[in-house]
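Colleague: Have a look at the structure that comes next, please.
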Amino acid sequence: AIAAHPDRVELVGLADTNQARMDAHNRRLARPVPTYRAGDLRQMLAAEKADQLLVTSVDRTHAGHIVTALDAGVDVITEKPMTVDGPSARAILDAAERTGRDVKVAFNYRFNPVHEVVRTLLAGGAVGEIGSVHFEWLLDVRHGADYFRRWHRDKANSGGLLVHKSGHHFDLVNWWLGAA
């Protein structure tokens, strides 16, 4: 997605634990970028003069990447959840305050066309004034079960489904109501 908008953003480097994955991404880019091991993030940010870091790694690694970027003077956009527990959230908030840098959390579920229609209808007053909300979400046997086959199944990696999955739902309700 970044490469599709060269008039607005420039990808300057990739950092990952998997060199083959970075090589595959580079083959798809019109202009391949330098690659770095995930542990060399600080060096990448300095060498490539990054303005912003986009964090899309396993949830448990978000805090370390975010704090590293903030301490390097780089703003951050991270995929949700920002992190998996209270102490790492505190470390991020402290780093943001200490450095004056920004951290934004992306909620990609907002861009599901059905969710956008709900937002438009509610914002347009289609159901009138909203006094309360009851929201339920059931994980189906295909997508929902997938959470228990991959890294998400380990609460240490994801904070558990309450943190990893329901963050989408809390965001959706707040966004639909114009509160976020």
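The values are calculated or read from the model by the stated rules, or taken from the named source; none is laboratory data. Remember, predicted model here, so these are calculated numbers, not experimental data. Here the Cβ is made from the backbone with ideal geometry for all residues, glycine too, and neighbour counts use every protein chain on show. Surface areas here come from the heavy atoms of the whole protein model, side chains and all, with no ligands, DNA or RNA. Shrake-Rupley method; radii C 1.70, N 1.55, O 1.52, S 1.80 Å.
Colleague: Find, among the trypsin sites (Lys or Arg not before Pro) in region 65-174, those assigned to loop by DSSP (not H, G, I, E, B) with at most 16 other beta-carbon atoms within 10 angstrom. Write out the running numbers ahead of the final one.
Modeller: On the way: sites: R90, R98, R101, K104, R110, R119, R142, R149, R150, R153, K155, K165; in loops: R101, R142, R149, R150, K165.
Loop-located and lightly packed - R142, R149, R150.
Colleague: Name the trypsin sites (Lys or Arg not before Pro) in region 1-54 that are in a loop by DSSP and that have at most 10 other C-beta atoms within 10 Å, would you?
Modeller: Within region 1-54, the qualifying trypsin sites (Lys or Arg not before Pro) (loop, at most 10 other Cβ atoms within 10 Å) are R8, K49.
Colleague: Can I ask one more? If you average the sequence gap of Cα pairs under 8 Å that are 6 or more apart and divide by the length of region 115-180, what percent do you get for the contact order?
Modeller: 40 percent
Colleague: Okay, next question. Which of P113, P81, P32 moves most in a GNM of the chain, Cα contacts under 10 Å?
Modeller: Answer for the Gaussian network model of the chain: P113.
Colleague: Oh, and also: Would you mind computing Rg(Cα) / (2.2 N^0.38 Å) for region 38-80, counting N as its residues?
Modeller: Numbers: Rg = 9.4 Å, N = 43, 2.2 N^0.38 = 9.2 Å.
That ratio works out to 1.02.
Colleague: Okay, moving on. With n ≥ 4 as the cut-off for DSSP H runs, can you work out [θ] at 222 nm for the chain, using -39500 (n - 2.57) per run divided by the number of residues, rounded to the nearest 500?
Modeller: Value at 222 nm, helices only, nearest 500: -11500 deg cm²/dmol.
Colleague: Related question: Taking Cα atoms, how many degrees apart are the long axis of helix 19-28 and the longest axis of the chain, rounded to 10 and kept between 0 and 90?
Modeller: For 19-28 against the chain, the angle is about 80 degrees.
Colleague: Angle, helix 86-99 long axis vs. longest principal axis of the chain, Cα atoms, 0 to 90°, nearest 10?
Modeller: So the helix axis and the longest Cα principal axis differ by about 60 degrees.
Colleague: How large is the accessible surface per residue of region 77-180, computed with a 1.4 Å probe and reported in Å² as a whole number?
Modeller: Working: 6740 Å² over 104 residues.
On a per-residue basis, 65 Å².
Colleague: Output needed: percent of Cα pairs per 10 Å distance bin for region 108-160, bins running from 0 to the one holding the longest distance.
Modeller: 19, 33, 28, 19, 2
Colleague: Once neighbouring chains are kept in place and the probe is 1.4 Å, which whole percent of the accessible area of region 1-154 is contributed by carbon and sulfur?
Modeller: 54 percent
Colleague: D94 label point, 7 Å along Cα→Cβ, cut-off 16 Å on backbone N: hits in region 40-78?
Modeller: The answer is 63-72.
Colleague: Tell me the relative contact order for the chain as a rounded percent, counting alpha carbon contacts under 8 Å between residues six or more apart. Could you put the intermediate results ahead of the total?
Modeller: Details: 208 pairs, mean separation 30.9, N = 180.
Normalised by residue count, the contact order of the chain is 17 percent.
Colleague: Working from the pairwise distances between different alpha carbons, so that the mean of 1/r is found and then inverted, what is region 1-109's Kirkwood radius in Å?
Modeller: 14.4 Å
Colleague: From the Cα trace of region 18-173, what convex hull volume per residue do you get, rounded to a whole Å³?
Modeller: Dividing the Cα hull volume of region 18-173 by its residue count gives 173 Å³.
Colleague: By how many degrees, between 0 and 90 and to the nearest 10, does the Cα long axis of helix 62-71 differ from the longest principal axis of the chain?
Modeller: Roughly 60 degrees between the two axes.
Colleague: Percentage of Cα-Cα pair distances in region 88-180 greater than 17 Å, rounded to whole percent?
Modeller: Looking at region 88-180, the distances longer than 17 Å represent 64 percent of pairs.
Colleague: Let me ask something additional. Let me check against my output: what whole-number percent is the relative contact order of region 1-75, with C-alpha pairs under 8 Å and at least 6 apart?
Modeller: This gives 25 percent for region 1-75.
Colleague: At what distance in nm do the modelled label points of A180 and F111 sit from each other, each positioned 7 Å from its Cα along Cα→Cβ?
Modeller: Reported label-point gap for A180 and F111 is 1.7 nm.
Colleague: Three principal axis extents, largest first, for the C-alpha atoms of region 10-63, in Å?
Modeller: That works out to 31, 23, 15 Å along the principal axes.
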